[in-house]
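Heads up, the thing below is written out as structure tokens.
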Amino acid sequence: MQHLTTHEAAIQQDKKQLVIIGNGMVGHHCVEQLIERGATQHYQIHVFGDERHRAYDRVHLSEYFSGKDADALALGEADLHATHGVSLHLGVRITRIDRDRGEIITADGRLPYDSLIIATGSYPFVPPIPGPEVSEHPQARLVYRTLDDLDAIRYHAANARRGVVIGGGLLGLEAANALKSLGLEAHVVEFAPRLMPVQLDDQGGTALRERIEALGVGVHTDCATEAIVAKPDGEYAYRMNFQDGEHLDTDLVLFSAGIRPQDGLARDCGLEIGERGGIVIDETCRTSDPEIFAIGECALWNGQIFGLVAPGYTMARTVAGCLTDVCEPFSGADMSTKLKLLGVDVGSIGDAFATTEGAKSYRWIDEAGSGYRRLVVSSDGKKALGAILVGDNSYYDTLLQYVQNGIDLPEDPAALILPQSEGGALMLGADALPDTAMVCSCHNVTKGAVCRAVDEGCADIAALKIETKASTGCGGCAALLKQVFEHELESRGMEVDKSLCEHFQYTRQELYALVRVEEITSFDELLEKHGHGLGCDICKPTIGSILATCWNQPIMDPQNVALQDTNDTFMANMQKNGTYSVMPRVAGGEITPDKLVALGEVAKKYDLYTKITGGQRIDLFGAELHELPDIWEELINAGFETGHAYGKSLRTVKSCVGNTWCRYGVQDSVAMALELEHRYKGLRTPHKVKMGVSGCTRECAEAQGKDIGVIATEAGWNLYVCGNGGMRPRHAELFATDIDSATLIRTIDRFLMFYVRTADKLQRTSVWRESLEGGLDFLKEVVIDDSLGLGDELERQMHHIVETYECEWANALKDPEKLKRFRTFVNDNSSDPDIINVTERDQPRPARADEIESLAVEIR
Amino acid sequence: MSTATAINNTPRVLCDVQDLVDDSGVVALHDGRQIALFYLPKGRDRQSGPEVFAIANHDPFSKANVIGRGIVGDKDGEPVVASPIYKQHFRLTDGVCLEDDRVRLDTFNVRIEGERVVID
């Protein structure tokens, strides 16, 4: 039989075969859930996606045109499947399901399944409107669903001035936004009398229309398109003729007139299908064949298709549960939505149209400002049933909780939708929510789960997100999550005191601002004006770092010396026995043979243990305090300078050899690493900063594990930020692509200075990034688009640091007063008698306690 | 070598005031003991004038001689030094460790006499 082909080779005989068709958001979530519940112990999982991309975030698709690339939209870790032994087949289409044999069939062959999950999603509905031949006029019949669709839109938009979207629903408005960000004049044509007819009533639709028209988007409601006609000689390429005799000319037409379940495979193999499409499922998400499940937009439950991601995720969890431990039945889903469409807030909750018997509505209408809010309450006025919001979603979280949790309404329910200045917008305190209240519906995180995470030690929002996954789906619950979290901390008496320490009632960020604005140049001055007491080991180094960043005075100057941690004070790294390690700068890891020899000679002379570090430098261990100046005298004479290994500052810029030697390199990564290291050396930062530069995409310098990572491309450089190795590794995120060297440096200047200005004490860039409320987009806006107008200031501050750089060791060696401190004893020239070394592998190392005891016996 | 000291002209003098570092520590050797000397030029309340504190240089937690290289400050108004290795705080007045009051460093009576720092 010819069917035993490539897929067969991958089968592990001891495990059941689980096949998932579809690698969209829901299919991917299902894989994550299966892995989390240990399904890989019993099942070998195969995932088939007919797109060539990894699973990506379709909810934020329009961001593809505002800076995010496919990587940035990708979901989860790239190596998720490989790590857990899940076979991922991308760009492979399933042609048929053979239920009799229990196999799926692709162009390459067959693969048997014990269980099958269909997560094929939906496809855009294109109404049968007469028009020009698609093969010759693809731009007259574009759709908006996949990254490939978006690439097609971008391609055709390049020569277009105007674009029309057919469909004024949620996706249609997203699509209009996409056209707008491509620089086109955008129009929306909607068949119904109002925009977003599923979510909004007439007044809501009107308010939304006014807001969108004010943004320069043409809105045509009550408008049925009869035909699309090519106009080869016209001003625009096509003319759309409407039923009422009107017309609209355009260069491209984009269809977003709803979705249809992708149920072809199920239909062909005889599974039960709904009258208007959709694979019929029960409450366990099983289809009419008990070995086959269907989830997401291809599934029909109780006569309903759910076109949102949250219900799809719930189905994914149901199936993952059924296949592992506990099956939690799917019982429908809340279709409430909170969106920002073309920058306009739109929200729809529960029974928004007051279809419940006896339901009454409160309405707040702002015709001048195009705002609208509607609250639907029960006939007795005690419970909220639904709501509609246009223009301001800050009311959404509270209203949603009232509806979802059946909380009793206040005396005057209207207060819930009145403007805050009129005494309205009663915020529902987090304490009023029951433990079962849903905080994050994408990841099914309740208030109770947040409380448990806090009990188990989550002390900040970033940790909470990692622990619970809350607010990592659509992100709509970020504000609510923060509110619940802070309330929980407070109720445990763990009030989040943001004070730096008992001596300063300010955060690091506030102190930074005070130092800048009031031009404070010493710790004493700051303590005098804004603090009290003597200071301590928390505030002194923090403020020492701030002063160094702002004014770049030598850290060994008398007013600064007492502020530094011992490492900074003695410009070396203290080891466990009180000796120091010495690490001169070896920029970019490039070192001459002469310098290598010099390092070896110094190490030999002072009997130092030597080790190559992860940052491509050489560390010399075991120097006593009083030896440091002599050692540095010799190192500086050999052409070295300080390496700041002791400071919260730039450590190293790791590099590969780049195109000067490597046959794959496309840029000179060593030269760039040297430029970066010499530019930013000496900059004091809230925590240490590491960088890497790779000469090609093979990424030998591991730049994506650094705070700043630079990877060469044919056209220039890609910049990654906020990566981290260490205890909690974090991949750096793509920040800018194909930029030239000057832009790269300007961007890093701004990025670093913004980090220095806004990070907390001892906060690495990775944690800082997690804590930024607007996330990476916000960071891009500030650094790249200069949305806060800070760009020049940040660059100026960095130039000051660069221009005033001085090697701290060279500075100290010139000044006998500074060298006075480098004495083991102020009244005696002897060494510390308690420092005892033994030899191991031909090098010295500190003796262990038991070795010291036996040595003592020998001496006696 | 251990007895060849430059300024040991009377047995009670530890060092010069010049050898101390403002708001920070140095270490002196006295009868084989390592003594960490901390100097607050304005005193513990930042107004009553120079004060010098002396406690043992040996850190019982790391078992290294490093206390004199810690950061000086205060906790609730009490002057303290933080060990540079594992960051425990020791009170300068009586050597007691704030994190574990069963641990106490020896203290020494030192004072400033003119240009000298002397020990009783």
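Where in region A:261-372 are there strands (runs of 3 or more DSSP E), lying fully within it, with 1 or more residues that are among the charged types (D, E, K, R)?
On the way: elements: A:279-281, A:292-294, A:299-301, A:337-341, A:344-350, A:360-366.
Filter on region A:261-372 gives A:337-341, A:344-350, A:360-366.
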| query | Restricting region A:297-338 to residues that are hydroxyl-bearing (Ser, Thr, Tyr) and at pLDDT 90 or above, which is surrounded by the fewest Cβ atoms within 10 Å (Cβ to Cβ)? | reply | A:324
| field | Conditions (1) within 30 Å of residue A:622 (Cβ to Cβ); (2) away from chain A (no Cβ under 12 Å); (3) touching a residue at least 40 places away in the same chain (Cβ under 8 Å); (4) not acidic (Asp, Glu): number failed by residue B:68 | value | (2)
| query | out of contact with any strand residue (DSSP E or B) (no Cβ under 8 Å at 6 or more places or on another chain) and farther than 30 Å from residue A:42 by Cα: does that describe residue A:381? | reply | no
| request: Output yes when any residue across region A:720-742 is over 30 Å from residue A:499 (Cα atoms), of a type outside the set (D, E, K, R) and part of a helix (DSSP H, G or I), and no when none is. | output: yes
| Hits in region B:40-60 - residues which are more than 10 Å from chain A (Cβ to nearest Cβ), buried (at least 17 other Cβ atoms within 10 Å of the Cβ) and either closer than 25 Å to residue B:100 by Cα or without any contact (Cβ under 8 Å) to a residue 12 or more places away in the chain (or both) | B:52, B:53, B:54, B:55, B:56
| message | Quick check on my filter: what residues within region B:86-110 are over 11 Å from the mean Cα position of the chain (by Cα), more than 7 Å from chain A (Cβ to nearest Cβ) and under 20 Å from residue A:539 (Cβ atoms)? | response | B:86, B:88, B:89, B:98, B:99
| For residue A:341, are the conditions met, namely being without any contact (Cβ under 8 Å) to a residue 40 or more places away in the chain, touching an Asp or Glu at 6+ places or on another chain (Cβ under 8 Å), outside the structural domain of residue A:296 (by TED's automatic domain parsing) and buried (at least 18 other Cβ atoms within 10 Å of the Cβ)? | no
| Residue selected from region A:551-568 under the condition at pLDDT 90 or above and part of a helix (DSSP H, G or I), by the criterion nearest to the other protein chains (Cβ to nearest Cβ) | A:567
| field | Qualifying strands (runs of 3 or more DSSP E) (wholly inside region A:1-115; at least 3 residues being under 23 Å from residue A:296 (Cα atoms) and either at pLDDT 95 or above or not charged (D, E, K, R) (or both)) | value | A:16-21, A:43-49, A:87-90, A:94-98, A:103-106
| Residue that is loosely packed, with under 15 Cβ neighbours inside 10 Å and assigned to a loop (DSSP other than H, G, I, E, B), where the choices are A:786, A:792 | A:786
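Suppose we filter B:27, B:21, B:66 for residues that are aliphatic (A, V, I, L, M) and surrounded by fewer than 23 Cβ atoms within 10 Å (Cβ to Cβ); which single one remains?
Working: B:27 fails: surrounded by fewer than 23 Cβ atoms within 10 Å (Cβ to Cβ); B:66 fails: surrounded by fewer than 23 Cβ atoms within 10 Å (Cβ to Cβ).
After ruling out the rest, the residue left standing is B:21.
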| remark: Of the residues in region A:504-526 that are surrounded by fewer than 21 Cβ atoms within 10 Å (Cβ to Cβ) and in contact with an Asp or Glu (Cβ under 8 Å, 6 or more places away or on another chain), the one that is nearest to the other protein chains (Cβ to nearest Cβ) is A:507
| task | Inspect all residues belonging to region A:621-633 and state whether any of them is in contact with a Leu (Cβ under 8 Å, 6 or more places away or on another chain), in a helix (DSSP H, G or I), free of Cβ contacts under 8 Å to residues at least 60 places away in the same chain and surrounded by 17 or more Cβ atoms within 10 Å (Cβ to Cβ). | result | yes
| request: Test each condition in (1) on the phi > 0 side of the Ramachandran plot; (2) at pLDDT 85 or above; (3) in contact with a Lys or Arg (Cβ under 7 Å, 6 or more places away or on another chain) for residue A:471 and report the one that comes out false. | output: (2)
| task | For region A:815-844, enumerate the residues that are more than 7 Å from chain B (Cβ to nearest Cβ), part of a strand (DSSP E or B) and under 21 Å from residue A:566 (Cβ atoms). | result | A:837
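The values are calculated or read from the model by the stated rules, or taken from the named source; none is laboratory data. Keep in mind the model is a prediction, meaning the values are calculated, not measured. Neighbour counts run over all protein chains shown; Cβ positions are idealised from the backbone, glycine included.
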